[in-house]
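Everything on this sheet refers to the single structure shown next.
The values are calculated or read from the model by the stated rules, or taken from the named source; none is laboratory data. Model, not experiment: these values are computed from the prediction. What goes into the accessible areas is simple: the full protein's heavy atoms, side chains included, and nothing from ligands, DNA or RNA. Shrake-Rupley method; radii C 1.70, N 1.55, O 1.52, S 1.80 Å.
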Amino acid sequence: MKTSISRRQAALAAVGAITAVTLTVAGTASASPEAGGGKHRPETQVQHNERVAVAFLDLAFNKKQPQAAADRYVGAQFIQHNPLSADGTKPFVAYVTWRTTQSPDLKFDFKRVFGEKNLVAVHYKRTYDATDRGAAVMDIFRFEKGKIVEHWDVIQDIPETSANDNTMF
């Protein structure tokens, strides 16, 4: 009996090793090692969605590749809640192309990201150029099967003065 338990443990360890390698190669392992073991913990769906939301915004706006961002990170549908934008990726790509042409120094400085279930919020400072005071922005995304399918945003310009010494970030 000791032999069968030992073989079973060895088989389970081999399956675990194969799974870990597969996850790492597939790019779904997290970068933070587990305490003590130095192994990678598989990325949760929420962590995946958080990473995708930031990567989407970064590729589209900071790297000025909105079509690549839409192709890579958006699902079959893209429901838009910003009243100035139509649904779908074509209006998104057209807007980002126009905006980055008008403001070649546009920058999104990501401050925080948090997710729950299939929703992710990304909070960042948006500036059009070095002279722009900027705006505090929060984009909220809904995910289905690891892809962005819905978007809301909240934008607040950074005022010249403030009634307190706290920042908006």
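Pairs to check: Lys64/Lys145; Lys63/Lys90; Lys63/Lys147. Give those whose C-alpha atoms are more than 23 Å from each other in this structure. Pairs exceeding 23 Å: Lys64/Lys145. For region 82-89, the Karplus equation 6.51 cos²θ - 1.76 cosθ + 1.60, evaluated at θ = phi - 60°, returns couplings of 6, x, 8, 10, 7, 5, x, 7 Hz by residue, with Gly and Pro reported as x.
Which order do Tyr128, Tyr95 take by accessible area at a 1.4 Å probe, largest first?
Tyr95, Tyr128
Entry comment: accessible area of region 75-169 is 63 Å² per residue, from protein heavy atoms only and a probe of 1.4 Å. In whole percent, and with a 1.4 Å probe on the protein chains, what portion of the accessible area of region 39-109 is carbon and sulfur? Answer for region 39-109 is 54 percent, counting heavy atoms of protein chains only.
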